[in-house]
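Okay, structure first, notes after.
FYI, it's all coordinate maths here, none of it is from the lab. Bear in mind that the values here come from a model prediction, so they are computed numbers and not experimental data. Here Cβ is always computed from backbone atoms with ideal geometry, including for glycine, and neighbour counts include all displayed protein chains.
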Amino acid sequence: MAKPKSSLQVLLVDDSVLVRERLGELLETAEHVTVCGAAGGVEEALAIIAAAPPDVVILDLDLPDGNGLQVLHAVERMPLPAHVIILTMYPFRVFGQQCLAAGAACYLEKAGPIERVVDVINELGHQQAVSRRQSPVS
């Protein structure tokens with residue numbers, strides 16, 4: 001079944017091909033979500049974001065050519081920043097606080113249920129839809 005044009009465009013950024021594939025399979029089942037790209041590192045992620053800014057970025061912190069915070073900071077400087085969901089193996093509260101303070105929408109641990117990612121994306125999509133309905137038309 002084709003996804004609606006209004007579906008959220010999601011970029012997956014993780015150094016693990018297996019994680020990217022599993023997330024892609026999971027998100028394929030979500031109704032209003034389309035995976036628009038996947039990257040294994042900072043430079044690749046930044047190139048994809050510059051070419052076609054996504055609505056949501058699912059981002060690992062530990063990347064081979066840098067760290068996820070570099071991507072998060074770049075996203076936050078965009079004219080219409082994407083929502084960033086941090087998905088990491090680091091269960092340390094200080095990392096979560098740092099990411100949320102830098103603009104991440106959510107901080108999830110990979111050890112938790114991966115389906116939680118879909119719940120967060122659905123909530124972000126709902127918030128975005130409400131925001132668009134409340135914005136005055138110029």
Exercise. Computed from these coordinates, which is log10 I(q)/I(0) by the Debye sum over Cα atoms at q = 0.19, 0.22 Å⁻¹: (i) -1.13, -1.52; (ii) -1.22, -1.39; (iii) -1.20, -1.73?
Worked result: (i)
Exercise. If each residue's Cβ is checked for other Cβ atoms within 10 Å, how do His83, His32 rank with the fewest at the top?
Worked result: His32, His83
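Below 8 Å between Cα atoms, with a sequence gap of 6+, how large is the relative contact order for the range 9-134 in percent? Before the final figure, lay out each step's value.
Details: 186 pairs, mean separation 27.3, N = 126.
Value for the range 9-134: 22 percent.
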Seminar exercise, completed: Residue-normalised 222 nm signal for the chain, counting each DSSP H run of n ≥ 4 as -39,500 (n - 2.57), nearest 500 deg cm²/dmol, is -13000 deg cm²/dmol
For this session: Return the sequence-ordered ³J(HN,Hα) values of the range 61-73 in whole Hz as given by the Karplus equation 6.51 cos²θ - 1.76 cosθ + 1.60 applied to θ = phi - 60°, using x for Gly and Pro.
Result: 7, 9, 10, x, 10, x, 10, x, 4, 4, 5, 4, 5
Exercise. Any idea how far the Cα center of the range 2-61 sits from the one of the range 92-112, in Å?
Worked result: 18 Å
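Could you list Tyr107, Tyr90 so that the one with the fewest beta carbons within 10 Å of its beta carbon is first and the one with the most is last?
Taking fewest neighbouring Cβ atoms as first place, the list is Tyr90, Tyr107.
Arrange the following residues from fewest to most other Cβ atoms within 10 Å of their Cβ: Arg22, Arg77. Mind dumping the intermediate values first?
Working: Arg22 14, Arg77 9.
By the 10 Å Cβ count, ascending: Arg77, Arg22.
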Exercise. Within the range 15-138, what percent of beta bridges assigned by DSSP are antiparallel, to the nearest 5?
Worked result: 20 percent
